[in-house]
2 protein chains.
Amino acid sequence: MITGQNYIGNKLSATGTKTYKTFNPQLNIENETAFVEATPQEIDEAVQLASEAFKVFRSFSGAKKAAFLNTIADEILALDDELIQTYCMESGLPEGRAKGERGRTIGQLRMFANLVADGSWVEASIDTAIPDREPAPKPDLRKMLIPLGPIVVFGASNFPLAYSTAGGDTAAALAAGCPVIVKSHPMHSGTGELVASAVIKAAEKTGMPNGVFSNLNSSGIEVGTQLVKHPEVKGVGFTGSINGGRALYDLAAQRDEPIPVFAEMGSVNPVVMLPNALKNRGEDLAKTYAHSITLGTGQFCTNPGLLLAIKSDELTQFISALANQIVKIEPSCMLHPNIIGAYENKKAKMISQGGLRVVSDFESDVQTNYARQAITTVEGHTFLENTALHQEVFGPFSMVVQCENIKQLEAIISKLEGQLTGTLIADDDEASKHPSLISALQNRVGRLIFNGVPTGVEVCPSMTHGGPYPASTDSRFTAVGINSIKRWVRPFSYQDWPNDLLPNELKNENPLGISRLVNNNMTKDIIS
Amino acid sequence: MITGQNYIGNKLSATGTKTYKTFNPQLNIENETAFVEATPQEIDEAVQLASEAFKVFRSFSGAKKAAFLNTIADEILALDDELIQTYCMESGLPEGRAKGERGRTIGQLRMFANLVADGSWVEASIDTAIPDREPAPKPDLRKMLIPLGPIVVFGASNFPLAYSTAGGDTAAALAAGCPVIVKSHPMHSGTGELVASAVIKAAEKTGMPNGVFSNLNSSGIEVGTQLVKHPEVKGVGFTGSINGGRALYDLAAQRDEPIPVFAEMGSVNPVVMLPNALKNRGEDLAKTYAHSITLGTGQFCTNPGLLLAIKSDELTQFISALANQIVKIEPSCMLHPNIIGAYENKKAKMISQGGLRVVSDFESDVQTNYARQAITTVEGHTFLENTALHQEVFGPFSMVVQCENIKQLEAIISKLEGQLTGTLIADDDEASKHPSLISALQNRVGRLIFNGVPTGVEVCPSMTHGGPYPASTDSRFTAVGINSIKRWVRPFSYQDWPNDLLPNELKNENPLGISRLVNNNMTKDIIS
């Protein structure tokens, strides 16, 4: 049952007076529950509890953390229909998407459970002593990754489950040994509270310290601001807009003790279409891209908002086909009136730019909160000259840039801001003729896709979800996949430390049987 | 021969009018060469060259980069006596230290050469496609680490070779595939120019693009400021003071595109001495620590500036023994009049704090620029209440804090700022009785040492040199050892990319024979 209260550790709490409600965009009505925003005292209490919890949680075994993560997954599944219905009521997204996203969330939790149960992820490294080395003895040094401390996770509007309460950031931080304080996303605080209740149940069932997890309601910027400025908070995870992410990054950088902020802030995901591919399969590409642009009402950070190609009859035909295809797709609901409001505003602002031509815009009446998809086009030199055209329009919108030649196309790529992805559409041996174009594209993105679409982010070790700013605030990390745990850990060394006081990961006898770098060789062997 | 000019890529250049000289602190005279500070135009040219060089250098093979790094090492050795003499003239450090540090520098260059020649460091990861997976096909994803772009390295005052021109930061960045622009340290710009000439020679001999390395003279903050703000610069390495490092961090965070700054800013390196150890070997510890405190005239970032113990007769005896030992050591020269000036000022400021007692201060006359070592002591509660006492006095200075009990000692540890190291001095099974004290210490430091001294930073894979702020600006990285390369790279994924267009690290046939994570198994096998 949704109470509208905050979880301050394992205790429901609602001492504040400021309330807000979530919204059902399909029905265009407010949902019932009034959520009570966390007060400054509650926020401080949540962080202090997290800081205390960290003292023990940080040293918990991988097996114990794995049990916690797996139990969270079980408890989320046990929420069953209530969760799915709340999700749909608060997002306007269909049930299939809700179940798919729940599956992804469960999968991420179990993936991190497996990772820490195995234990090798800590990158254990051992250099044994050489007491008789000249001119000075070599000490015994042993290193592993250890957790940073309490982490604040901001729920994402567009992923109420997979990148919110117990989503990727939270799962990674808990796996690392960091307590988590979630700033619930105001658009889906009911979904958030339900998931939070599952996390709290799991924490109690598996013997976690109180404070290992809190969930705070918030409708404005105050709760998030106080959290990021709190001296006991040691890192921040965020998925959302550039404005929001940058504001948190700036707050964190201005602290007496700056802390890392990993903000994944989306991008326009440029798609480069080479001439032969357009000639040989322009019609198919138009269908594929009409689908990718409108998938999830365009509310994915990997949405293809920018298509780059060289002027030709085939490109003209492709644009026309894309325009025809996209209006055949039924419009769908956006997450919230604010989201569709922003979409309409940004679209209008974009369309008002000189030289931009609207090729197709869904013109029939649409239901309230449903987005009209649109395709626009512009000349290469116009795009180069006006950086307003480079901005993201979050929703089912895309722009085809008609370049004079490959040189101009490459110049455009080099001028783009950082991106999550870049896609190359090419036939036969077309790609091999453009090494410098590919190199320029690689330098602007975190992931290169060949003959595919950028939407769809596979959760696996080889995935990079992140990229040069503003795709993310730190391109050295990924937000998706097991390596996203690296955001919340730091290397730590023991020098000449007694074997029986070392953590199990670094003991001579390797009780966990993990892979370790011992004197420069990867091995599971014991040290004698 | 030292010209006093800048290296803008492989070209000597001195178009500016502002000049400065280095200083011989042993003789208390200026050295002869006038160094011409880089102009804004020269700075921009160096960065533009680096940006152009990056386009090809980023894809160079590990073998080619290894040849470059090894040739730098050879060319540094070929500088022979001129380098050693210049080093001594510009630092006041003895010849033995010069040669030792040159050895360390050479060793670091060759270590990174070996790392990239082997190639496995890129963390290659491959998840092969599952075309018939339901509900959606799984794409082929392949990931590796790629370089960030041009990196600016600030030379360190206290390591003219190992953490300056071709020191750890530069070697790591070049190994990663990042061009480097060095802001030469004004105290040893002659040493810097000589080393830069070796790097340039090596770059030419091994076919590196012009701009892969530049060396800029600078006596104030202008050159560094312009470099850090330059849009084409993608990362910064710094070793030095908290004020300097924080200023660069703030500049970088305020850019339109924030960039990572790894600043290693030193610390007081707390040493906890438990009662039995003090009782059983207080006299030996006093000798050991008198030596560690004065090593290199206390000019190491790992200098033990804070000794923590519980009040007892044994502690009183230890303090007295340490005081006696430290004045037996002959004073030695500091790096520069500015450094000794800062030492004397900070020492005087510290001594003026209420409750601090000077136990011993070297009182005889000392040569100009030679530092008088000092030991002070203070009560635990006084230390807790006055954070001015927590600051670093860079030089041969240490403070013994006399705590009431273990609880107060642990409270003090918890209140300390982040530190590079923490040391525990304990006998028999003393350490095992204090898990929460050790845990608190671990949470404040990057490296824990048992029954040793913090000075002496072994260069090996298991070393962590870094720690919670302000020990470094990002505790998630180390400044020493092969993993310091991770500061200058980002993960990058290819999705469904044609095998013949992939980099060698990710090709099916594994032409480099490197270790790769293939479908979750580490292997050197080919993919069929």
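The values are calculated or read from the model by the stated rules, or taken from the named source; none is laboratory data. All values reported here derive from a predicted model rather than from experimental measurement. Cβ: placed from backbone, ideal geometry, glycine included. Neighbour counts: every protein chain shown. The area values use the complete protein model at the heavy-atom level, side chains included, leaving out ligands, DNA and RNA. Shrake-Rupley method; radii C 1.70, N 1.55, O 1.52, S 1.80 Å.
Under 28 Å from B:M111 (Cβ atoms), more than 8 Å from every other protein chain (Cβ to nearest Cβ) and open to solvent by 10 Å² or more (accessible area, probe 1.4 Å): is that true of A:T523 in this structure? When the stated conditions are applied, A:T523 passes them. Counting residues in segment B:179-189 that are within 14 Å of chain A (Cβ to nearest Cβ), in contact (Cβ under 8 Å) with a residue 24 or more places away in the chain and assigned to a loop (DSSP other than H, G, I, E, B) gives one or more. Within segment A:30-70, the only residue that satisfies the criterion of being of a type in the set (D, E, K, R), farther than 24 Å from A:E222 by Cα and outside any helix (DSSP H, G or I) is A:R58.
Entry remark, segment B:344-379: residues being open to solvent by less than 50 Å² (accessible area, probe 1.4 Å) and either without any contact (Cβ under 8 Å) to a residue 12 or more places away in the chain or farther than 29 Å from B:K311 by Cα (or both) number 4 in total. Residue count for segment B:451-488, restricted to those that are aromatic (F, W, Y) and either open to solvent by less than 20 Å² (accessible area, probe 1.4 Å) or more than 8 Å from every other protein chain (Cβ to nearest Cβ) (or both): 2.
Across segment A:155-168, the qualifying residues are those that are open to solvent by less than 10 Å² (accessible area, probe 1.4 Å) and within 12 Å of the chain's Cα centre (by Cα), and the one among them that is modelled with the lowest pLDDT is A:G155.
Return the residue satisfying two criteria in turn: it lies in segment B:489-514 and is part of a helix (DSSP H, G or I) and either in contact (Cβ under 8 Å) with a residue 24 or more places away in the chain or in contact with a Leu (Cβ under 9 Å, 6 or more places away or on another chain) (or both), and of such residues it is most open to solvent (accessible area, probe 1.4 Å).
Applying the filter and picking the extreme gives B:N504.
Tell me, which residue of segment A:138-153 that is outside any strand (DSSP E or B) and not acidic (D, E) is farthest from the other protein chains (Cβ to nearest Cβ)? Ranking the candidates gives A:P150 first. In this structure, is B:L216 more than 29 Å from B:N303 (Cβ to Cβ), open to solvent by less than 30 Å² (accessible area, probe 1.4 Å) and at pLDDT 95 or above? When the stated conditions are applied, B:L216 passes them. Quick one: which residue in B:D132, B:D140, B:D74 is open to solvent by 50 Å² or more (accessible area, probe 1.4 Å), at pLDDT 95 or above and not assigned by TED's automatic domain parsing to the domain that holds B:N217? Of B:D132, B:D140, B:D74, the one residue that is open to solvent by 50 Å² or more (accessible area, probe 1.4 Å), at pLDDT 95 or above and not assigned by TED's automatic domain parsing to the domain that holds B:N217 is B:D132. Taking the listed residues A:L517, A:L448, the one that is in contact with a helix residue (DSSP H, G or I) (Cβ under 8 Å, 6 or more places away or on another chain), modelled with pLDDT of 95 or more, in a strand (DSSP E or B) and at the interface with another protein chain (Cβ under 9 Å from one of its Cβ atoms) is A:L448, with no other qualifying.
For A:I126, the conditions (1) over 30 Å from A:P258 (Cβ atoms); (2) facing another protein chain (nearest Cβ under 10 Å); (3) outside any strand (DSSP E or B) are fulfilled apart from (3). Within segment A:248-274, being within 9 Å of another protein chain (Cβ to nearest Cβ) and either modelled with pLDDT under 95 or farther than 16 Å from A:P150 by Cα (or both) holds for A:Y249, A:D250, A:A253, A:Q254, A:D256. Sub-6 Å Cβ pairs linking a first residue in segment A:388-404 that is open to solvent by 20 Å² or more (accessible area, probe 1.4 Å) to a second residue that is among the charged types (D, E, K, R), at least 6 apart or interchain, are A:Q402/A:K311; A:Q402/A:E379, ordered by first then second residue. The condition (being in a loop (DSSP other than H, G, I, E, B), in contact (Cβ under 8 Å) with a residue 12 or more places away in the chain, within 25 Å of A:I84 (Cβ to Cβ) and away from every other protein chain (no Cβ under 14 Å)) is satisfied by just one residue among A:A171, A:A166: A:A166.
Restricting attention to segment B:77-89, which residues are crowded, with 20+ Cβ neighbours inside 10 Å and either under 20 Å from the mean Cα position of the chain (by Cα) or of a type in the set (G, A, S) (or both)? Matches in segment B:77-89: B:Y87 only. At least 2 residues being in contact with an Asp or Glu (Cβ under 7 Å, 6 or more places away or on another chain) is the threshold, and among the strands (runs of 3 or more DSSP E) wholly inside segment B:230-286 those reaching it are B:235-239.
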